[in-house]
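Novice: Can you read through this structure? Questions will come right after.
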Amino acid sequence: MNKGADTHLQNIMGGVLLIVAAALAISIQDVVFKLFSSDLTLWQIFALRGVIAIPLLLTILWARGVYHVALRAAFGIWPLIRAVFITTTFLAFYAAIPFLSLSTVGAANYIAPIFVALLSAYVIKEAVGPLGWLGVLLGFAGVIVLLQPGTDAFSPWAMLPIMGAAFYALAHITTRVKCQDTPLSAISLSQNVVMLTAGAVFSVILFWFKPQGEVVQDYPYIFGLWSTVELTDWLVLLLLASFAIGIGMLLAGAYQAAPPAIISTFEYSYLVFVAVWDILFFGITPTFASISGMVMIVAAGLLVLRRNAR
């Protein structure tokens, strides 16, 4: 094997390690969101988390001596577009978290690899290959088994993360094509700025219009106004801010290192993590359907790995 092939394989392995680490971090962050979603509104969490995350990230950049470089790169057109895609994904995802199990929300979101594969094949012209397509389709079938559309087990809230999945794919294709050389710290900064802006804008809209009636009573997490922030809330927000910085870098680094069609398959590891958290924190035992779906998803990942080895 020549040096170029060795480097390519190292990049892929590095990307896989980064995306698995990102999946673990996101799964832990999601547990925190679900546990504290009854205390603060979605928009309040996004706004206040950004208020903490951005100064923290800027301090790190200043200490590393890359403050000005990262600041200029973060406000480029493509990092900002990518940040809008990611923010839309997370808003759709976290809006559904209080109403579904983490496994169900994650499964709905994992239709994203279908979009990633399609965009990879037809927009950036990266070959997926027969085994790659088979792996993606098998993963999609596993998601269908998990969601059980058309049955009583299916929830309309699952449509939100499905919508977010499309934006998730757009974000990572943008990373691969337009943000390949953008510093990870700049990508994380632009992402946190856009998330803070989204939280602040929607908070102002809700404060201005002040929704009333059953919609607020039934869904205070989405339509309620800001509540008092206690010391424990600030500590949770600090934790979420730290996750936001780290996850942003891990995700961007993974998709910079290797082709999206490969990396997106290993994001399925998130489903294993949240299945464990569902049992430990929320007493939700996986059903036969969910276990079957996860087995199919793991098999999909192995197919893509075998395709890459070839």
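Novice: Run Ile54 past the list (1) in contact with an Asp or Glu (Cβ under 7 Å, 6 or more places away or on another chain); (2) more than 18 Å from His172 (Cβ to Cβ); (3) at pLDDT 90 or above; (4) not basic (Lys, Arg) and report the number of the one that doesn't hold.
Specialist: In the conditions (1) in contact with an Asp or Glu (Cβ under 7 Å, 6 or more places away or on another chain); (2) more than 18 Å from His172 (Cβ to Cβ); (3) at pLDDT 90 or above; (4) not basic (Lys, Arg), Ile54 misses (1) alone.
Novice: May I ask you to say which residue of Ala198, Ala141 is out of contact with any Asp or Glu (no Cβ under 8 Å at 6 or more places or on another chain), modelled with pLDDT of 75 or more, within 21 Å of Met294 (Cα to Cα) and surrounded by fewer than 23 Cβ atoms within 10 Å (Cβ to Cβ)?
Specialist: On the way: Ala198 fails: within 21 Å of Met294 (Cα to Cα).
Going through Ala198, Ala141 in turn, the sole match is Ala141.
Novice: Related question: If you scan region 201-217, which residues turn out to be closer than 17 Å to Ile45 by Cα and among the polar types (S, T, N, Q)?
Specialist: Scanning region 201-217 gives a single hit, Ser203.
Novice: Restricting attention to region 188-231, and to residues there that are of a type in the set (A, V, I, L, M) and either free of Cβ contacts under 8 Å to residues at least 12 places away in the same chain or in contact with a strand residue (DSSP E or B) (Cβ under 8 Å, 6 or more places away or on another chain) (or both), which single residue is nearest to Phe85 (Cα to Cα)?
Specialist: Going residue by residue through region 188-231, those that are of a type in the set (A, V, I, L, M) are 189, 193-196, 198, 200-201, 204-206, 215-216, 222, 225, 229, 231.
The next check asks that each one be either free of Cβ contacts under 8 Å to residues at least 12 places away in the same chain or in contact with a strand residue (DSSP E or B) (Cβ under 8 Å, 6 or more places away or on another chain) (or both); those that pass are 201, 204-205, 215-216, 231.
Details: Val201: 16, Val204: 21, Ile205: 21, Val215: 27, Val216: 27, Leu231: 32 Å.
Among residues in region 188-231 that are of a type in the set (A, V, I, L, M) and either free of Cβ contacts under 8 Å to residues at least 12 places away in the same chain or in contact with a strand residue (DSSP E or B) (Cβ under 8 Å, 6 or more places away or on another chain) (or both), the one nearest to Phe85 (Cα to Cα) is Val201.
Novice: Is one or more of the residues making up region 27-39 modelled with pLDDT of 90 or more and within 19 Å of Ser190 (Cα to Cα)?
Specialist: no
Novice: Of everything in region 271-296, what is part of a helix (DSSP H, G or I), under 20 Å from Lys34 (Cα atoms) and free of Cβ contacts under 8 Å to residues at least 60 places away in the same chain? Give them in sequence order.
Specialist: Passing the criteria: Val272, Val276, Ile279, Leu280.
Novice: From Ala70, Ala53, which residue is within 15 Å of Ser242 (Cβ to Cβ) and in contact (Cβ under 8 Å) with a residue 40 or more places away in the chain?
Specialist: Details: Ala70 fails: within 15 Å of Ser242 (Cβ to Cβ).
Result of the check over Ala70, Ala53: Ala53.
Novice: Take the residues in region 248-269 that are touching a Gly at 6+ places or on another chain (Cβ under 6 Å) and either surrounded by fewer than 21 Cβ atoms within 10 Å (Cβ to Cβ) or among the small types (Gly, Ala, Ser) (or both), then tell me which one is modelled with the highest pLDDT.
Specialist: Here the residue is Ala254.
Novice: If you don't mind, another one. Need the failing condition index for Leu225 against (1) outside any helix (DSSP H, G or I); (2) under 25 Å from Val116 (Cβ atoms); (3) at pLDDT 85 or above, just the number.
Specialist: All conditions are met except number (2).
Novice: Now for a different question. When the residues of region 78-107 are filtered to those that are among the hydrophobic types (A, V, I, L, M, F, W, C) and touching a Leu at 6+ places or on another chain (Cβ under 6 Å), which remaining residue is surrounded by the most Cβ atoms within 10 Å (Cβ to Cβ)? Quick ask: steps written out before the conclusion?
Specialist: Quick first cut of region 78-107, residues among the hydrophobic types (A, V, I, L, M, F, W, C) only: 78, 80-81, 83-86, 90-93, 95-97, 99-100, 102, 105, 107.
When the remaining residues are screened for being touching a Leu at 6+ places or on another chain (Cβ under 6 Å), the result is 85, 92, 95-96, 107.
Values: Phe85: 23, Ala92: 22, Ala95: 19, Ala96: 24, Ala107: 30.
Only one residue tops the list, namely Ala107.
Novice: Can you name the residue in region 172-195 that is part of a helix (DSSP H, G or I) and polar (S, T, N, Q) and, of all such residues, is surrounded by the most Cβ atoms within 10 Å (Cβ to Cβ)?
Specialist: For region 172-195, the residue satisfying everything is Gln191.
The values are calculated or read from the model by the stated rules, or taken from the named source; none is laboratory data. Bear in mind that the values here come from a model prediction, so they are computed numbers and not experimental data. With ideal geometry, Cβ positions are generated from the backbone for all residues, glycine too; neighbour counts draw on all protein chains shown.
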